[in-house]
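The next block holds one structure in the form of C-alpha coordinates; read it before the comments.
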Amino acid sequence: MLIIKTRFKAKYLMSRRKKANLLMPCLMDLSQKKNFKSKPHDIRFRGKRMIDWNEVKDYLKPYVGDFYKIADTKDIIYIGNDLPDEYTGSNYTYSLKGTAAKANASQGIPEMLKIASGKHFRTNSGNKHRRNATYGWYRYDSRFALPIYRDDGQIVRYNTFHASMLIRHARDGKMYLYDIIDIKKETSNPFTS
(Lines give C-alpha, C1' and ligand atoms only; values in the text may rest on other atoms or scores of the structure.)
Protein backbone atom coordinates (compact mmCIF):
# COMPACT_ATOMS: atom_id res chain seq x y z
CA MET A 1 0.00 0.00 0.00
CA LEU A 2 1.19 3.48 -0.78
CA ILE A 3 0.44 6.22 1.68
CA ILE A 4 0.76 9.67 0.21
CA LYS A 5 2.03 12.29 2.65
CA THR A 6 3.04 9.93 5.41
CA ARG A 7 4.20 11.26 8.70
CA PHE A 8 3.01 8.62 11.09
CA LYS A 9 5.15 7.70 14.02
CA ALA A 10 7.75 5.20 12.86
CA LYS A 11 6.73 2.61 15.47
CA TYR A 12 3.11 2.74 14.34
CA LEU A 13 4.06 2.31 10.70
CA MET A 14 6.40 -0.57 11.40
CA SER A 15 3.79 -2.41 13.45
CA ARG A 16 1.18 -1.88 10.72
CA ARG A 17 3.61 -3.05 8.04
CA LYS A 18 4.36 -6.24 9.90
CA LYS A 19 0.73 -6.93 10.77
CA ALA A 20 -0.70 -6.24 7.33
CA ASN A 21 2.41 -7.35 5.42
CA LEU A 22 2.05 -4.29 3.20
CA LEU A 23 4.61 -1.98 1.66
CA MET A 24 4.04 1.67 2.57
CA PRO A 25 6.74 3.86 1.03
CA CYS A 26 7.07 7.57 1.71
CA LEU A 27 7.06 10.08 -1.12
CA MET A 28 9.56 12.55 0.30
CA ASP A 29 12.51 10.96 -1.52
CA LEU A 30 10.61 11.11 -4.80
CA SER A 31 9.66 14.77 -4.42
CA GLN A 32 13.22 15.72 -3.55
CA LYS A 33 14.57 13.71 -6.51
CA LYS A 34 12.24 15.50 -8.91
CA ASN A 35 13.12 18.91 -7.39
CA PHE A 36 9.55 19.61 -6.38
CA LYS A 37 9.21 21.72 -3.28
CA SER A 38 6.84 19.93 -0.97
CA LYS A 39 6.20 19.71 2.73
CA PRO A 40 6.08 16.35 4.53
CA HIS A 41 2.26 16.44 4.47
CA ASP A 42 1.82 18.10 1.10
CA ILE A 43 -0.82 16.75 -1.25
CA ARG A 44 -0.45 18.67 -4.45
CA PHE A 45 -4.13 18.66 -5.44
CA ARG A 46 -5.70 18.85 -1.99
CA GLY A 47 -9.05 20.52 -1.50
CA LYS A 48 -9.64 21.34 -5.14
CA ARG A 49 -13.18 20.98 -6.45
CA MET A 50 -12.16 20.98 -10.09
CA ILE A 51 -8.79 19.56 -10.99
CA ASP A 52 -6.61 21.48 -13.42
CA TRP A 53 -5.46 18.48 -15.48
CA ASN A 54 -2.85 20.61 -17.26
CA GLU A 55 -1.17 21.04 -13.87
CA VAL A 56 -1.24 17.25 -13.40
CA LYS A 57 0.22 16.82 -16.89
CA ASP A 58 3.06 19.19 -16.03
CA TYR A 59 3.67 17.25 -12.83
CA LEU A 60 3.97 13.96 -14.76
CA LYS A 61 6.37 15.17 -17.47
CA PRO A 62 9.55 14.77 -15.35
CA TYR A 63 8.75 11.04 -14.98
CA VAL A 64 9.12 10.43 -18.74
CA GLY A 65 12.17 8.26 -19.38
CA ASP A 66 12.19 6.71 -15.88
CA PHE A 67 11.65 3.02 -15.29
CA TYR A 68 10.63 0.96 -12.25
CA LYS A 69 10.71 -2.72 -11.32
CA ILE A 70 7.56 -4.40 -10.05
CA ALA A 71 8.65 -6.32 -6.95
CA ASP A 72 6.12 -9.14 -7.43
CA THR A 73 6.91 -10.08 -11.06
CA LYS A 74 10.31 -8.40 -11.62
CA ASP A 75 8.89 -6.72 -14.75
CA ILE A 76 10.49 -3.42 -15.75
CA ILE A 77 7.90 -0.72 -16.49
CA TYR A 78 8.96 2.37 -18.41
CA ILE A 79 7.31 5.77 -18.36
CA GLY A 80 6.79 6.81 -21.96
CA ASN A 81 6.09 10.25 -23.37
CA ASP A 82 2.43 9.30 -23.92
CA LEU A 83 1.67 8.92 -20.18
CA PRO A 84 1.05 12.61 -19.32
CA ASP A 85 -1.45 13.04 -22.17
CA GLU A 86 -3.28 9.75 -21.62
CA TYR A 87 -3.32 10.05 -17.83
CA THR A 88 -4.91 13.49 -17.97
CA GLY A 89 -6.99 13.20 -21.14
CA SER A 90 -8.47 9.70 -21.20
CA ASN A 91 -12.20 9.00 -21.26
CA TYR A 92 -11.84 7.52 -17.77
CA THR A 93 -10.31 10.77 -16.49
CA TYR A 94 -13.16 12.82 -17.96
CA SER A 95 -15.70 10.50 -16.32
CA LEU A 96 -14.29 11.31 -12.86
CA LYS A 97 -15.90 14.76 -12.85
CA GLY A 98 -13.27 16.54 -10.78
CA THR A 99 -12.35 13.94 -8.18
CA ALA A 100 -8.88 14.44 -6.78
CA ALA A 101 -8.00 10.76 -6.18
CA LYS A 102 -6.51 10.17 -9.63
CA ALA A 103 -4.74 13.52 -9.63
CA ASN A 104 -3.15 12.78 -6.26
CA ALA A 105 -2.29 9.21 -7.26
CA SER A 106 0.11 10.76 -9.77
CA GLN A 107 2.36 11.65 -6.83
CA GLY A 108 2.91 7.98 -6.07
CA ILE A 109 3.33 6.37 -9.48
CA PRO A 110 6.82 4.93 -8.80
CA GLU A 111 5.73 3.38 -5.51
CA MET A 112 2.45 2.13 -6.96
CA LEU A 113 4.39 0.36 -9.71
CA LYS A 114 6.81 -1.19 -7.24
CA ILE A 115 4.02 -2.70 -5.11
CA ALA A 116 1.76 -3.73 -8.02
CA SER A 117 0.56 -7.33 -8.18
CA GLY A 118 -1.97 -9.51 -10.00
CA LYS A 119 -0.63 -9.32 -13.55
CA HIS A 120 -3.40 -9.93 -16.12
CA PHE A 121 -2.91 -10.06 -19.91
CA ARG A 122 -5.36 -8.81 -22.54
CA THR A 123 -4.87 -8.95 -26.28
CA ASN A 124 -5.02 -5.78 -28.31
CA SER A 125 -8.58 -5.90 -29.62
CA GLY A 126 -8.77 -2.59 -31.47
CA ASN A 127 -6.93 -0.93 -34.32
CA LYS A 128 -6.40 2.26 -32.31
CA HIS A 129 -3.39 0.89 -30.42
CA ARG A 130 -2.06 -1.61 -32.95
CA ARG A 131 1.23 0.31 -33.23
CA ASN A 132 1.88 1.31 -29.63
CA ALA A 133 0.59 -1.89 -27.96
CA THR A 134 1.69 -4.49 -30.49
CA TYR A 135 2.02 -7.29 -27.94
CA GLY A 136 -1.13 -6.46 -25.97
CA TRP A 137 -1.95 -5.02 -22.58
CA TYR A 138 -1.31 -5.91 -18.98
CA ARG A 139 -3.19 -4.81 -15.90
CA TYR A 140 -1.72 -4.76 -12.44
CA ASP A 141 -3.56 -4.10 -9.20
CA SER A 142 -2.14 -1.51 -6.83
CA ARG A 143 -3.25 0.59 -3.88
CA PHE A 144 -2.66 4.04 -2.45
CA ALA A 145 -4.00 6.09 0.44
CA LEU A 146 -4.83 9.76 0.87
CA PRO A 147 -5.03 11.48 4.27
CA ILE A 148 -8.15 13.13 5.62
CA TYR A 149 -7.50 16.24 7.72
CA ARG A 150 -9.28 17.97 10.56
CA ASP A 151 -9.76 21.74 10.44
CA ASP A 152 -6.59 22.21 12.51
CA GLY A 153 -4.50 20.33 9.93
CA GLN A 154 -4.09 17.08 11.86
CA ILE A 155 -4.54 13.80 9.98
CA VAL A 156 -7.68 11.98 11.13
CA ARG A 157 -7.49 8.89 8.92
CA TYR A 158 -6.52 7.68 5.47
CA ASN A 159 -8.87 6.86 2.63
CA THR A 160 -7.49 3.81 0.86
CA PHE A 161 -7.99 3.29 -2.87
CA HIS A 162 -7.57 0.35 -5.22
CA ALA A 163 -6.35 1.14 -8.74
CA SER A 164 -5.63 -0.78 -11.95
CA MET A 165 -2.41 0.15 -13.68
CA LEU A 166 -2.75 -0.24 -17.43
CA ILE A 167 0.52 -1.26 -19.12
CA ARG A 168 1.06 -1.44 -22.87
CA HIS A 169 3.52 -3.98 -24.30
CA ALA A 170 5.09 -2.10 -27.19
CA ARG A 171 6.73 -3.16 -30.42
CA ASP A 172 10.18 -2.51 -28.93
CA GLY A 173 9.49 -5.28 -26.38
CA LYS A 174 9.28 -2.85 -23.45
CA MET A 175 6.30 -2.38 -21.17
CA TYR A 176 5.07 1.20 -20.64
CA LEU A 177 2.66 2.61 -18.08
CA TYR A 178 -0.29 3.88 -20.11
CA ASP A 179 -2.86 4.95 -17.51
CA ILE A 180 -4.24 4.33 -14.05
CA ILE A 181 -7.91 3.40 -14.15
CA ASP A 182 -10.70 1.84 -12.09
CA ILE A 183 -9.84 3.81 -8.97
CA LYS A 184 -12.18 2.67 -6.22
CA LYS A 185 -12.27 3.67 -2.57
CA GLU A 186 -11.91 0.67 -0.28
CA THR A 187 -14.51 0.35 2.45
CA SER A 188 -12.32 -1.25 5.11
CA ASN A 189 -9.35 0.85 6.19
CA PRO A 190 -7.01 -0.23 9.00
CA PHE A 191 -5.00 3.02 8.79
CA THR A 192 -6.44 5.53 11.22
CA SER A 193 -4.54 7.79 13.55
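Within the range 82-100, if we keep just the residues that are among the hydrophobic types (A, V, I, L, M, F, W, C) and open to solvent by 10 Å² or more (accessible area, probe 1.4 Å), the residue that is nearest to the chain's Cα centre (by Cα) turns out to be 100.
Of note, residue 119 does not satisfy the criterion of being modelled with pLDDT of 90 or more, within 25 Å of residue 53 (Cα to Cα), open to solvent by 70 Å² or more (accessible area, probe 1.4 Å) and within 21 Å of the chain's Cα centre (by Cα). Exactly one residue out of 96, 146 is within 16 Å of residue 186 (Cβ to Cβ), at pLDDT below 90 and in contact with a helix residue (DSSP H, G or I) (Cβ under 9 Å, 6 or more places away or on another chain), and it is 146.
The values are calculated or read from the model by the stated rules, or taken from the named source; none is laboratory data. Not measured: the values here are computed from a predicted model. Don't worry about glycine lacking a Cβ; one is built from the backbone with ideal geometry, like all the others, and counts go over all protein chains shown. Each accessible area value is taken on the protein alone, full model and side chains, heavy atoms only, with ligands, DNA and RNA left out. Shrake-Rupley method; radii C 1.70, N 1.55, O 1.52, S 1.80 Å.
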